[in-house]
1. For a paramagnetic label modelled at 7 Å from the Cα of residue 39 toward its Cβ, which residues of the range 115-134 fall within the zone defined by backbone nitrogen distances under 18 Å?
2. For the range 88-161, just say rounded, prolate or oblate: build the C-alpha gyration tensor, square-root its eigenvalues into a ≥ b ≥ c, call rounded for a/c under 1.5, and beyond that prolate if a/b exceeds b/c, oblate if not.
3. Quick one: divide the alpha-carbon radius of gyration of the chain by 2.2 N^0.38 Å and tell me what you get.
4. Which FRET efficiency value, to the nearest 0.05, do you get for residue 113 and residue 74 by plugging their Cβ-Cβ distance into 1/(1 + (r/R0)^6) with R0 = 30 Å?
5. Considering only 146, 81, 29, give the residue with the highest GNM mean-square fluctuation for the chain, with springs between Cα atoms whenever their separation is below 10 Å.
6. Report the calculated FRET efficiency for residue 146 and residue 32 (r = Cβ-Cβ distance, R0 = 22 Å), to the nearest 0.05.
7. Tell me, in nm to one decimal, what length is gained between residue 90 and residue 106 on full extension, where the rule is 0.36 nm per residue of separation less the Cα-Cα distance?
């Protein structure tokens, strides 16, 4: 019996860091700015941020984004209860009571899920959306827009609106 036990191969131990898949850093109450050529484009605020080895970022307690126009004024805001940034695809996912407000057009979008592709200047979803513009309310499933929410399309629209 002892000779059989001694013939087994030794266990190979994987270091804890190699098998760890959780966040490498956790930060609380953050405020970050994104800019291009010294021009402020986006301000991000979040109660908690998890950063991963892959470059991905998770905002488990939600986030609030402000998008700025070329004059430095807030043009659009986005709020969500949860968000995740995938570094490899350069894509953001916002979930849970997602609200996008166009300050310049007095327009608001509500959905449970929204994607943002900064490199393509695009926000979109395949989920149900509600859009309020003045006294008009539009509904639909599927939505695509530029990131400033000034040009958009509802894929399968329903609702009531005024036609001139």
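Since every read-out is calculated from the coordinates, none of them should be taken as a lab result. Since we're looking at a predicted model, the values are computed, not measured. Note that we place each Cβ from the backbone using ideal geometry, even for glycine, and neighbour counts take in every protein chain shown.
1. Residues passing the 18 Å test: 118-122.
2. It comes out prolate by the Cα gyration axes.
3. That ratio works out to 1.45.
4. That gives a FRET efficiency of 0.80.
5. Most flexible of the set in this elastic network: 29.
6. Numbers: r = 22 Å, r/R0 = 1.00.
Efficiency, rounded to the nearest 0.05: 0.50.
7. 2.9 nm
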